[in-house]
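Structure record follows, encoded as structure tokens.
The values are calculated or read from the model by the stated rules, or taken from the named source; none is laboratory data. No experiment lies behind these values; they were computed from the predicted model shown. When we count neighbours, we look across all protein chains shown, and the Cβ atoms used for this are built from the backbone with ideal geometry, even at glycine.
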Amino acid sequence: MSTDDPLREPAETAITQCMALESDESCVIVTDDKRDPIGQALYAVASEITDDALLVRYPPGETHGGEPPEPVAAAMAASDVSLAPTTKSITHTRARVEATRAGARVATLPGITEEVFRTGLDADYESIAAHCEAVLEQVADATEVRVETARGTDITFDLGDRSFLSDTGIVHEPGASSNLPAGEVFVSPVSADGRFVVDGTMAPHGLLAEGQDLTFEVEDGLVTHISDETIRETVETAAEEVGDAAYNLAELGIGTNVAVTDLIGSVLLDEKAAGTVHIAIGDDSGIGGDVEAPIHLDGIVRDPAVFADGVEVDLPRAP
């Protein structure tokens, strides 16, 4: 790969700063036919550091949260470091969970595009880690979190004994995992009640137009109403396989990446934007929950007020 390739610098950031790949470690790059240029860029940098680098490519998955082929999962579990730029997310899959349980350091890049790869990895991840820590300090002991917005979101999350986790992009310890681009503090709630209104980004629509708000009603931790027909059909299809698990209120995340100044329509990048929250439906088994489903659908909510046990959280903001 040429040193003036626009994918070279973000690949170096991912491999060296985020993953800290060493010369005596193995590295597996997992990609698919639609994300091959990014996979090739990561492989080129990794192969300059270690002789034990492997590029694994397979056809794009059908849904976010769908399992990759078994040989791909086996390669991930056998590696020291694995990066997965894929069309459909494998973040919340057994393959990713088993790889980290085996001690691999894993970064998933679900839905990554070349634009997002270039812009989202043009950041100081040590600074992002500091913003994660500042938010984590405010929510770490909370048992209940409430989110409100002027657009109609009013939802309360019961955390029970579950703790917020931090996605900093710094993946230096065995068994650690992160999304890239990174920057969020997140939790899988035990239950939730209320309404959330997505007015930022949500697949398959991308960046929502003004007035294109998507409304979700939640009771006892299950989504009971979805205003959007396309998303509703996606969840209903998953429910044919796993029942109520498809309607599970899976995640509350708080964005901490101050380098993301505008939403661009990429869930991967936009959910990290400082001053936003995202709420997900479906699988939570990879983030501290106990529900397995073939989907994990994130919706980004702009301009929220977040309260942890009644105290408003000071959210990071982009400059």
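A few notes on this one:
- Number of the exception - residue 48 against (1) surrounded by 16 or more Cβ atoms within 10 Å (Cβ to Cβ); (2) of a type outside the set (Gly, Ala, Ser); (3) outside any loop (DSSP other than H, G, I, E, B): (1)
Residues are listed down the side, and each one gets a yes or a no for (1) more than 30 Å from residue 262 (Cβ to Cβ); (2) not aliphatic (A, V, I, L, M):
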| site | (1), (2) |
| --- | --- |
| 67 | yes, yes |
| 80 | yes, yes |
| 86 | no, yes |
| 90 | no, no |
| 115 | no, yes |
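- Of the helices (runs of 4 or more DSSP H) contained entirely in the stretch 69-129, those carrying at least 1 residues that are closer than 30 Å to residue 207 by Cα and of a type in the set (S, T, N, Q) fall at 114-120.
- Flag if residue 28 is part of a helix (DSSP H, G or I), assigned by TED's automatic domain parsing to the domain that holds residue 112, modelled with pLDDT of 95 or more and more than 17 Å from residue 116 (Cβ to Cβ): no
Residues are listed down the side, and each one gets a yes or a no for (1) closer than 17 Å to residue 146 by Cα; (2) touching a His at 6+ places or on another chain (Cβ under 6 Å); (3) modelled with pLDDT of 95 or more; (4) among the acidic types (Asp, Glu):
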{"position": "178", "(1), (2), (3), (4)": "no, no, no, no"}
{"position": "195", "(1), (2), (3), (4)": "yes, no, yes, no"}
{"position": "207", "(1), (2), (3), (4)": "no, no, yes, no"}
{"position": "212", "(1), (2), (3), (4)": "no, no, yes, no"}
{"position": "216", "(1), (2), (3), (4)": "yes, no, yes, no"}
{"position": "225", "(1), (2), (3), (4)": "no, no, yes, no"}
{"position": "229", "(1), (2), (3), (4)": "no, no, yes, yes"}
{"position": "232", "(1), (2), (3), (4)": "no, no, yes, no"}
{"position": "245", "(1), (2), (3), (4)": "no, no, yes, no"}
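- Any hit, the stretch 57-65, residues being part of a strand (DSSP E or B), on the phi < 0 side of the Ramachandran plot, of a type in the set (D, E, K, R) and touching a helix residue (DSSP H, G or I) at 6+ places or on another chain (Cβ under 7 Å): yes
- Residues (surrounded by 24 or more Cβ atoms within 10 Å (Cβ to Cβ), under 15 Å from the mean Cα position of the chain (by Cα) and not charged (D, E, K, R)) located in the stretch 71-106: 83, 84, 85, 86, 89, 90, 91, 92, 93, 106
- Selected residue [in the same structural domain as residue 254 (by TED's automatic domain parsing), aliphatic (A, V, I, L, M) and within 20 Å of residue 90 (Cα to Cα)] from 142, 203, 209: 203
- Strands (runs of 3 or more DSSP E) wholly inside the stretch 195-264 that include at least 3 residues being within 30 Å of residue 123 (Cβ to Cβ) and touching a residue at least 40 places away in the same chain (Cβ under 8 Å): 249-255
- With respect to (1) at pLDDT 95 or above; (2) surrounded by fewer than 24 Cβ atoms within 10 Å (Cβ to Cβ), the lone exception for residue 292 is condition (1).
- Residues located in the stretch 256-289, provided they are out of contact with any His (no Cβ under 7 Å at 6 or more places or on another chain), surrounded by 24 or more Cβ atoms within 10 Å (Cβ to Cβ), more than 17 Å from residue 204 (Cα to Cα) and not acidic (Asp, Glu): 257, 260, 272, 273, 276, 277
- The one condition in (1) under 18 Å from the mean Cα position of the chain (by Cα); (2) part of a loop (DSSP other than H, G, I, E, B); (3) of a type outside the set (Val, Ile, Thr); (4) not assigned by TED's automatic domain parsing to the domain that holds residue 26 that residue 160 fails to fulfil: (1)
- Count of the stretch 279-309 residues which are touching a residue at least 12 places away in the same chain (Cβ under 8 Å) and either in a loop (DSSP other than H, G, I, E, B) or within 12 Å of residue 183 (Cα to Cα) (or both): 16
- Selection count, the stretch 130-140, where residues are surrounded by fewer than 18 Cβ atoms within 10 Å (Cβ to Cβ) and in contact (Cβ under 8 Å) with a residue 24 or more places away in the chain: 4
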